[in-house]
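*Asks:* Can you keep this structure in mind? I'll have questions shortly.
Derivation of every value follows stated rules applied to the coordinates shown; laboratory data play no part. As the structure is a prediction and not an experimental result, all values here were calculated from the model. As a convention, Cβ positions derive from the backbone with ideal geometry for all residues, glycine included, and neighbour counts pool all protein chains shown.
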Amino acid sequence: MANPAELLLAQFRQWQSPAGNESADMRRTPTADGWVRHRVAVRHLEAITQLLDELAAAGRNVGVYKRYIPSWWAVIFVHPGGWASGGSANIDVGVLEHLETLADLLGNYVPAVKEGGLGEVSQYADLVAKTLADDDEVPDALRLHAMEVVAHLRWCVDNYAIAGDFELQDALERLAATVLRVTIHSSEENRSTMWGPVMSSWVWPFVTNIVSAIPASALTMLALGAG
């Protein structure tokens, strides 16, 4: 599956039109699908920014890509010109080409889901949801929050083609922290009898031969006591 730069590039190409069309027409706005795709595009660019910051901190020369971040934001928000201006769907070729080059680079840093991994995630989400419903000791506000976290993870699985690996990884790590928090706030008995099996069943569906994926996986497993 694609990393956030590749997914954002695919979205930009879908929105692109050199024939003088308006962005509002090419982006199918205002429609529910159109707004979802804009929200996801924002998340992809946030992920790209995070990854570039991490690479820069590790000593990689990514300055040329960081200088293009404002241009990529401008594409998402159709600035300047606005949605309805003629030709606003024409995206500068340099903006697209730098994003394409970055997509190739990030392919070495974003973990990919292994075969059958999405099914494992879905089963684990079902287990967490069932345990939340069965555990009367969890505070109601925390239960509602945890169910929202599970719902977002399920959305990432169901919409994997546009959410991608980075968003799925982020949702899984968020669920890991939430499960740990729920366990702490449950009763001592339920921590062992109900949440113990949830922790021991934790899944990490990503291929971990990518260097940057190993620490995240290991830390999450340790946090849940499954290592």
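*Asks:* Charges on Cβ only, +1 for Lys and Arg, -1 for Asp and Glu, centred on the Cα centroid of the stretch 4-106; of Ala47, Leu9, Leu99, which one is farthest towards the dipole's positive end?
*Replies:* The one lying farthest along the dipole's positive direction is Ala47.
*Asks:* Local charge sum around Ser187 (other residues, Cβ-Cβ under 11 Å, Lys/Arg +1, Asp/Glu -1)?
*Replies:* -4
*Asks:* If I fit a long axis through the Cα atoms of helix 32-57 and take the longest principal axis of the Cα atoms of the chain, what angle between them do I get, 0 to 90°, rounded to 10?
*Replies:* The answer is roughly 80 degrees.
*Asks:* Mean residue ellipticity at 222 nm from the helices of the chain, using -39,500 (n - 2.57) per DSSP H segment of n ≥ 4 over the full residue count, to the nearest 500 deg cm²/dmol? Could the numbers behind the result be given before it?
*Replies:* Numbers: 12 runs with 154 residues, N = 227.
About -21500 deg cm²/dmol.
*Asks:* With semi-axes √(5λ) of the Cα gyration tensor in Å defined as stated, name the option among [x] 38, 21, 13; [y] 31, 18, 16; [z] 38, 21, 17 computed from the structure displayed.
*Replies:* Read-out taken from this structure: [x].
*Asks:* Where a ≥ b ≥ c are the square roots of the eigenvalues of the C-alpha gyration tensor, would you call the stretch 117-223 rounded, which needs a/c under 1.5, or, failing that, prolate if a/b is larger than b/c, or oblate?
*Replies:* Numbers: a/c = 2.18, a/b = 1.53, b/c = 1.43.
Prolate.
*Asks:* Subtracting the Cα-Cα distance from 0.36 nm times the residue separation, let me have the gained length for Gln14 to Ser187 in nm, one decimal.
*Replies:* This chain segment gains 57.2 nm when fully extended.
*Asks:* Starting from the Cα of Ser122, step 7 Å along the direction of its Cβ; do the same at Arg60; then give the gap between the two resulting points in nm.
*Replies:* Using points 7 Å along Cα→Cβ, the separation is 3.2 nm.
*Asks:* A further question follows. What longest range of the chain stays clear of loop-exposed trypsin sites (Lys or Arg not before Pro) (DSSP non-H/G/I/E/B, at most 13 other C-beta within 10 angstrom)? Walk me through the numbers on the way to the answer.
*Replies:* Details: sites that count: Arg60, Arg67, Lys114.
The segment 115-227 is the longest one with no such site.
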